[in-house]
Amino acid sequence: MKPEDWYSVTLADLKEVGFPATVNKIELAELLGEMYPDYEWQKLYLLKGRYAQQRHLEKVVASLFEVSC
């Protein structure tokens, strides 16, 4: 799993696989910062949930298809 894949993982997904239910989004962001110290996290995307998934998708699509105006 690449660090950026975490943007699409929800707390509900983590709970389904046995992650402690007491962990909140802020704590998850801190844990990911410890796991991947060299990765520049966009914590806003981690904390915003569904918005993060949409924003991440937008970035991926933009990187695949250059748009010029």
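The numbers here are math on the coordinates, done by the rules we state, and not lab data. Just so it is clear, the model here is predicted, and its values are computed rather than measured. Ideal geometry is used to build each Cβ from the backbone, glycine not excepted, and the neighbour counts take in all protein chains shown.
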Ranked Lys2, Lys48, criterion: other C-beta atoms within 10 Å, fewest first: Lys2, Lys48
Vicinal HN-Hα couplings computed from phi for the stretch 8-18 (Karplus, 6.51 cos²θ - 1.76 cosθ + 1.60; Hz; Gly/Pro x): 9, 8, 9, 4, 4, 4, 5, 5, 4, 9, x
Net charge, Asn24 excluded, C-beta distance under 15 Å - Lys, Arg +1, Asp, Glu -1: +1
Where labels lie 7 Å past Cα in the beta-carbon direction, separation of Thr10 and Thr22 in nm: 2.4 nm
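Under 25 °C and 0.890 mPa s, how fast does the stretch 3-64 diffuse according to Stokes-Einstein, given a Kirkwood radius computed over C-alpha pairs? Answer in µm²/s, whole number. Spell out each step's value before the answer.
Details: Rh = 12.2 Å.
Here the translational diffusion coefficient equals 201 µm²/s.
Between Lys59 and Met35, what is 0.36 nm times their sequence separation minus the Cα-Cα distance? Round to one decimal in nm.
Numbers: separation 24, 0.36 × 24 = 8.64 nm, distance 2.28 nm.
The span from Lys59 to Met35 would gain 6.4 nm if fully extended.
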0 to 90° range, to nearest 10: angle between helix 50-64 axis and the chain longest Cα axis: 40 degrees
Hz values of 3J(HN,Hα) by residue in the stretch 27-40 - Karplus curve (6.51, -1.76, 1.60), Gly and Pro given as x: 5, 4, 4, 5, 5, 5, x, 6, 5, 10, x, 8, 8, 8
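Can you tell me the relative contact order of the stretch 3-64? Whole percent, Cα pairs under 8 Å, sequence separation 6 or more.
39 percent
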Residue order, fewest to most beta carbons within 10 Å, for Trp6, Trp41: Trp41, Trp6
Value of [θ]222 nm, deg cm²/dmol, for the chain, DSSP H segments ≥ 4, -39500 (n - 2.57) each, nearest 500: -15500 deg cm²/dmol
